[in-house]
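For reference, the structure discussed in these notes is given below.
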Amino acid sequence: PHFFATWKVNDRYSIGLGTFSRFGLGSVFDEDWGGRYNSYEAIIESVSINPNVAVKVTDKFSAAFGVEAMYLDFSKKQKFSLAKFSPNPDGDLKLEADGWGYGFNMALHYQPCEYAKLGLSYRSPVTMKVTGDADFDTPSWIRNYPDVPGVAFTDTSASGTVTLPDSFAFGVAMYPTDKFSVEVGAVYTLWSKYDELKINYGDAVVLTETGLADQTTQAKNWEDVWRFNIGVEYAALDWLDLRAGYVFDQSPVQDDTIDYMVPANDRHLFNGGVGFHWDNWMVDVNYTYLMIMDRDIDGRDDGVRDGEIDNADAHMVGLSVGYKF
């Protein structure tokens, strides 16, 4: 979901407000599947509120600056094995946390001639501090088991800090004719800032491979990556625009830290859309076919098993409605 509004204050200044989601994912598996000790459900939802101000420096050059407030909601479900105590069923951990973070963005726009436009933007990293609850679901006998402290697996508070990355975006739009335009662009995201996911638990202790601890840390060590895009638009009629595009999106997840929260790889996205406009109204409809490249996964001792990503794809549709006052 998204909402944008702009207002031209005068010939030199404009202000705008954007509300959109920069980060989000969802991975859901059967809760008894083989990778359940790493994750069987992980959902991240975010929403950014981003007011901006733009200034027209010259007839060909303009600049903008904005601030961003981001809300993040995180939930994760995973099993933990009780085999060291009993062959009874697994325990279950449900973690939910949310919080706010803040950042800024800057942009430059230059039109060197009538047939081309250039844009450059930067979005800062956002440090998210989230707090919430960790709920443990275990067999009743575990609480009185002599090798497990009485506080073990007690529902408790949870907190964590994660830095979401900054990014640079660059684009060039060209207009060979009045009715036809071509745009190429690239986004460079510094995902290397996401080096670990650390969760602190309150008064409880949790089961690990080596015993009990009040903190869990998962190494991520993601890589900085590129996203490349090309798109074309043709004004077929006074009220109808036709669009097509392609995106290649690199995955930041390394082989030695891939997990089931983000079981992904490099992706191809094929896009098509139509735009309708009449009077002050605009309606845009689009379709994207997303194809994730195959990938082998080596097992580790944190619940990730030998496996592969195979034939992964998605169908996505979008709708935007606009009105000009």
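The values are calculated or read from the model by the stated rules, or taken from the named source; none is laboratory data. Note that the structure is a prediction, hence the values are computed from the model and not measured. Every residue, glycine as well, gets a Cβ built from its backbone with ideal geometry; the counts of neighbours run over all protein chains shown. Only protein heavy atoms, including side chains, enter the accessible area calculation; ligands, DNA and RNA are left aside. Shrake-Rupley method; radii C 1.70, N 1.55, O 1.52, S 1.80 Å.
I'm told K76 meets every condition in (1) closer than 24 Å to P263 by Cα; (2) open to solvent by 20 Å² or more (accessible area, probe 1.4 Å); (3) part of a strand (DSSP E or B); (4) not polar (S, T, N, Q) except one. Can you identify the failing condition by its number?
(2)
Which of the residues belonging to region 225-261 are within 30 Å of K94 (Cα to Cα), surrounded by fewer than 18 Cβ atoms within 10 Å (Cβ to Cβ) and under 17 Å from the mean Cα position of the chain (by Cα)?
Scanning region 225-261 gives a single hit, Q254.
Can you work out which of the residues in region 41-73 that are assigned to a strand (DSSP E or B) and polar (S, T, N, Q) is farthest from T216 (Cα to Cα)?
Result: S62.
Within region 297-306, is there a residue that is open to solvent by 50 Å² or more (accessible area, probe 1.4 Å) and in contact with a helix residue (DSSP H, G or I) (Cβ under 8 Å, 6 or more places away or on another chain)?
No, because not a single residue in region 297-306 is open to solvent by 50 Å² or more (accessible area, probe 1.4 Å) and in contact with a helix residue (DSSP H, G or I) (Cβ under 8 Å, 6 or more places away or on another chain).
For region 248-325, which strands (runs of 3 or more DSSP E) that fit wholly inside it have 2 or more residues that are touching a Ser or Thr at 6+ places or on another chain (Cβ under 9 Å)?
Of the strands (runs of 3 or more DSSP E) lying wholly inside region 248-325, those with at least 2 residues that are touching a Ser or Thr at 6+ places or on another chain (Cβ under 9 Å) span 267-278, 281-292, 312-323.
Working carefully through the options A134, A54, A116, A107, find the one that is more than 18 Å from the chain's Cα centre (by Cα), open to solvent by less than 20 Å² (accessible area, probe 1.4 Å) and modelled with pLDDT of 95 or more.
So the residue among A134, A54, A116, A107 that is more than 18 Å from the chain's Cα centre (by Cα), open to solvent by less than 20 Å² (accessible area, probe 1.4 Å) and modelled with pLDDT of 95 or more is A116.
Tell me which residues, restricted to region 20-40, are open to solvent by 40 Å² or more (accessible area, probe 1.4 Å) and part of a strand (DSSP E or B).
G24, L25, G26, V28
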